[in-house]
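Reading through the structure tokens given below for one structure.
The values are calculated or read from the model by the stated rules, or taken from the named source; none is laboratory data. It should be emphasised that the depicted structure is a prediction, and the values quoted were computed from it without experimental measurement. All Cβ positions, even for glycine, are placed from backbone atoms using ideal geometry, and neighbour counts span all protein chains on display. Heads up: the accessible areas ignore ligands, DNA and RNA and are worked out on the full protein's heavy atoms, side chains in. Shrake-Rupley method; radii C 1.70, N 1.55, O 1.52, S 1.80 Å.
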Amino acid sequence: MGAGPGQQQTEPPPDPDGLAKMALASRARALLPGARSWGAVLARATTQRAMSHRVVVETDAAAGVAVMKLRNPPVNSLSLEMVTELVINLEKLENDRTVRGLIVTSESPGVFSSGLNLLDMYGRNPAHYAEYWKAVQELWLRLYQCPMVTVATINGACPAGGCLISMTCDYRIMADNSKYTIGLNETQLGIVAPFWFKDTLVNTIGHRASEMSLQLGLLYPPAEALRVGVVDMVVPEDQVHSTALSVMAQWLAIPDHARQLTKAMLRKPTVDNLVRQRDADIQQFVSFISRDSIQKGLQMYLQMLKQKKA
Amino acid sequence: MGAGPGQQQTEPPPDPDGLAKMALASRARALLPGARSWGAVLARATTQRAMSHRVVVETDAAAGVAVMKLRNPPVNSLSLEMVTELVINLEKLENDRTVRGLIVTSESPGVFSSGLNLLDMYGRNPAHYAEYWKAVQELWLRLYQCPMVTVATINGACPAGGCLISMTCDYRIMADNSKYTIGLNETQLGIVAPFWFKDTLVNTIGHRASEMSLQLGLLYPPAEALRVGVVDMVVPEDQVHSTALSVMAQWLAIPDHARQLTKAMLRKPTVDNLVRQRDADIQQFVSFISRDSIQKGLQMYLQMLKQKKA
Amino acid sequence: MGAGPGQQQTEPPPDPDGLAKMALASRARALLPGARSWGAVLARATTQRAMSHRVVVETDAAAGVAVMKLRNPPVNSLSLEMVTELVINLEKLENDRTVRGLIVTSESPGVFSSGLNLLDMYGRNPAHYAEYWKAVQELWLRLYQCPMVTVATINGACPAGGCLISMTCDYRIMADNSKYTIGLNETQLGIVAPFWFKDTLVNTIGHRASEMSLQLGLLYPPAEALRVGVVDMVVPEDQVHSTALSVMAQWLAIPDHARQLTKAMLRKPTVDNLVRQRDADIQQFVSFISRDSIQKGLQMYLQMLKQKKA
């Protein structure tokens with residue numbers, strides 16, 4: 001970010017109590033009504049605060065640009081805690097009038113984000129699945145409607161939920177590294193991308209390309225990602241950030257108010273589509289993920305991942 | 001299909017009576033309620049059984065792939081009988097757990113399918129038009145929602161209804177022969193593709209290309225068909241089938257359940273659009289096709305075709 | 001238009017009274033109900049008739065093609081009077097059975113149209129804003145649903161409302177002159193293209209390209225306009241009109257009836273989207289444009305334009 005950007009980590013905050021309460025309020029709003037007591041939320045959050053630092057935000061107030069770095073090693077898995085921290089940070093940035101643009105990137109080498117956290121979808125109870133899904137919905141709703149200009153620099157592997165995050169941004173720049181791929185590959189794991197993942201993809205690459213992409217669970221290397229339109233630009237890895245700053249400058253030349261209204265107009269129908277049926281979508285996720293066949297499939301997949309590591 | 005695929009013709013079935021009844025039940029369900037008595041359906045179907053063989057199905061149980069060959073010479077016209085046989089065969093295949101993929105192709109040299117049968121739209125009574133249209137709707141509904149992976153090998157001319165059938169498939173491979181063209185050319189005949197033909201085209205090539213394509217009734221030769229996106233691949237004519245088998249293998253590598261749910265999610269809005277107004281669409285077709293001006297136009301076109309032959 | 005096209009200017013009409021009344025009826029229908037008395041409409045229109053000639057129509061009855069030339073110097077600004085004249089001329093042409101095709105072009109050198117007239121949006125009262133917006137809606141509704149084949153020859157700069165007019169046409173041919181650009185650049189002026197401008201753009205270039213295009217207020221030079229799909233063809237400037245005639249001939253080879261029904265089917269959902277909420281859209285425009293911040297922005301922009309000239 002050049003000289004002098006202040007590094008502002010999510011936690012510990014300058015006023016831990018105040019910030020924690022804000023975060024809790026946000027978190028609480030995101031919970032299913034009645035899913036747990038307010039006290040339980042507070043108690044749990046206190047624990048989480050100590051586990052934090054999964055999201056690092058650096059703000060260049062002069063430029064009006066913040067960089068939000070995913071740092072949940074080893075693969076920036078979107079665990080419930082990670083998703084919650086992302087939502088809290090987005091809320092803070094939206095309320096910060098000095099920040100007009102946001103660059104989303106990864107600090108974990110070789111991975112933008114591996115996507116949703118399988119351990120939040122396997123072997124837990126329905127209340128946990130529901131809480132997790134509500135948080136993932138909340139993250140998408142905030143990112144897709146973000147009033148800031150959002151640019152994703154895809155500097156690593158970007159499957160499934162990682163791809164979703166990048167697709168919510170206004171612009172996507174991918175590092176030209178053939179080891180990185182991007183796409184919604186859910187079917188390859190025997191699961192199904194929900195309709196709002198699908199809507200986001202269709203808005204990005206069109207209906208026909210989405211049919212192929214989603215059914216086959218395609219992961220595109222950089223050149224193909226550019227061709228199909230899932231990213232807007234491919235540049236050498238060491239130029240990803242400087243390119244993002246140039247792109248951001250172009251977008252920030254547009255009056256915020258007009259750009260924000262235009263963005264909202266374009267995305268509102270897709271957002272409304274989820275908002276209208278948010279609870280039903282949670283119920284459907286819980287019911288789907290709780291099936292024996294799906295749990296067994298995830299178990300096999302997790303074992304395979306473990307053996308790969310070993 | 002390699003070694004050992006069983007050639008299974010539509011008729012006669014191993015148990016003619018049982019199969020005929022199943023087919024009849026299907027056919028009866030497809031009829032307009034009250035359009036004719038059950039007895040009349042049975043009587044007519046008995047006759048039709050002897051006229052059959054318009055659709056040939058070869059199944060390679062080991063690979064889990066069936067090939068459905070259109071064989072209604074000379075041009076695979078989608079007559080009421082042909083449409084009915086296609087529906088019956090699709091229903092049988094859907095109920096066959098050993099079949100996961102379906103290749104749709106033509107056995108009539110030089111023609112994939114000439115599309116809807118003008119003789120079912122000219123000089124008949126409203127009840128016939130209604131029965132015909134209901135059957136065409138049924139064919140589209142089954143193909144577009146087919147739980148199997150569907151690949152079309154377009155090994156001949158593919159106008160109008162032929163193009164529609166191929167567009168319902170998950171993937172389209174066209175033979176590289178400049179004599180073959182593909183497109184919804186209805187306006188060239190003075191008729192109008194119904195909205196669900198239009199929806200299928202828009203889902204395939206987008207709104208703008210559909211405006212040009214439908215209004216001008218464009219028929220694309222292979223290279224242009226590929227460019228506009230109405231087909232996914234163009235290969236030398238003698239490689240069409242082997243390419244289809246390779247493509248099929250790629251699609252069958254995806255768990256059926258996840259792929260089927262994803263396909264249903266992507267296509268449901270388009271399907272619902274017809275299901276919601278199926279009867280109104282039939283009434284509109286009957287009323288449109290019954291007009292003097294349309295009948296006169298079809299008569300002229302049919303005479304022109306006759307003179308061409310002579 | 002070759003030999004013998006009759007040059008028919010908007011005004012004075014052969015039968016001034018009859019035509020004026022027709023025009024008035026049309027104009028009156030377009031007004032907000034109760035916005036002004038019928039007598040006031042008559043009185044005002046009488047004045048306007050004398051100020052006319054902003055639209056020149058030349059008809060080649062033999063070819064069945066009319067050319068409508070925008071002639072509101074210096075930049076073909078879409079003032080209330082200009083918009084009204086365009087609507088009146090379109091209505092006349094629609095009622096002329098000899099005219100099947102319409103070429104829309106500019107007679108003002110270097111400019112197709114600069115778009116909406118800022119002087120109708122700045123420093124006026126809410127009733128004027130409402131009248132203006134209703135007229136702009138009416139123009140779009142007529143052009144987008146025009147039963148004639150419509151071809152735009154973009155022989156000059158084509159921002160904002162100019163781009164909208166060209167996008168309503170069935171085909172767009174742009175002169176290959178790097179000084180000309182085309183696009184919906186509203187955000188650059190701090191204002192927002194309404195949803196039906198957006199819908200028209202999405203129908204033309206798809207959702208993703210529209211996101212970039214609208215948010216950044218992009219103006220595309222010819223080659224880029226062709227690549228993104230906002231125009232269909234780029235030709236040398238002196239070939240724009242002859243190319244339009246060739247393209248028109250291709251479109252006129254299609255039976256009118258079938259083409260018109262197909263066009264209506266493709267565009268009806270987008271049209272209905274405005275018709276359903278036409279009054280609300282007017283109210284929203286009036287309220288938006290009346291804001292102090294927007295008025296101040298327009299004032300600054302107008303001053304800047306004045307200084308450029310001086």
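Based on alpha-carbon centroids, what's the gap between segment A:161-211 and segment C:267-310 in Å, whole number please?
Centre-to-centre distance over Cα atoms comes out at 35 Å.
Report relative contact order for segment A:77-223 in percent, whole number only (criteria: Cα-Cα under 8 Å, sequence separation at least 6).
After rounding, I find 24 percent.
From the Cα gyration tensor of segment A:71-136, with a ≥ b ≥ c the square roots of its eigenvalues, which class applies: rounded if a/c is under 1.5, or else prolate if a/b is larger than b/c, or else oblate?
Oblate, because a/c is 1.5 or more while a/b does not exceed b/c.
How big, on average over all directions, is the shadow cast by the Cα convex hull of segment C:229-310, in nm²?
The Cα convex hull of segment C:229-310, projected and averaged over all directions, gives 10.0 nm².
Mind checking which chain B residue has its Cβ closest to the axis relating B to C, and how many whole Å off it is?
B:Gly206, 3
Considering the options C:Ser113, C:Ala175, C:Tyr129, tell which one lies farthest towards the positive end of the dipole of segment C:98-224, charges being +1 on Lys and Arg and -1 on Asp and Glu at the Cβ, about the Cα centre.
C:Tyr129
I need the phi-derived Karplus couplings for segment C:189-205: 6.51 cos²θ - 1.76 cosθ + 1.60, θ = phi - 60°, integer Hz, Gly and Pro marked x.
9, x, 10, 10, 5, x, 4, 7, 4, 4, 4, 5, 5, 4, 4, 8, 10
Roughly what percent of Cα-Cα pairs across segment A:199-263 reach past 17 Å? Walk me through the intermediate numbers first.
Values: 1192 of 2080 pairs.
Summing the P(r) tail past 17 Å for segment A:199-263 gives 57 percent.
Can you give the FRET efficiency for C:Asp176 and C:Asp96, using 1/(1 + (r/R0)^6), R0 = 45 Å, r = Cβ-Cβ distance, to the nearest 0.05?
Details: r = 33 Å, r/R0 = 0.73.
Rounded to the nearest 0.05, the efficiency is 0.85.
Cα-Cα over 23 Å: which of A:Lys198/A:Lys268; C:Lys198/C:Lys263; A:Lys198/A:Lys263; A:Lys92/C:Lys296; A:Lys268/C:Lys198?
A:Lys92/C:Lys296
About its Cα centre, what dipole magnitude does segment C:199-303 give when the only charges are +1 on Lys and Arg Cβ and -1 on Asp and Glu Cβ, stated in debye to the nearest 20?
Taking the Cα centre of segment C:199-303 as origin, the dipole is about 300 debye.
If you take the charge dipole of segment C:197-273 about its Cα centre, with +1 on Lys and Arg Cβ and -1 on Asp and Glu Cβ, which of C:Ala209, C:Ala264, C:Ala249 is farthest toward its positive end?
C:Ala264
What is the distance, in nm, between label points placed 7 Å from the Cα along the Cα-to-Cβ direction at A:Gln299 and at A:Arg124?
1.9 nm
Find the centroid of the Cα atoms in segment A:67-81 and in segment B:252-266, then give the distance between the two in whole Å.
What the calculation gives is 29 Å, centre to centre.
Any chance you could check segment B:202-234 for residues losing 50 Å² or more of accessible area when the partner protein chains are in, compared with the chain on its own (1.4 Å probe)?
Those residues are B:Asn203, B:His207, B:Arg208, B:Glu211, B:Gln215, B:Leu216.
I need two numbers for segment A:244-291: Rg to one decimal and Dmax as a whole number, Cα atoms only, in Å.
Final numbers for Rg and Dmax: 17.5, 50 Å.
Over the Cα atoms of segment A:99-185, what is the Rg over Rh ratio if Rh follows Kirkwood?
Result for segment A:99-185 is an Rg/Rh of 1.01.
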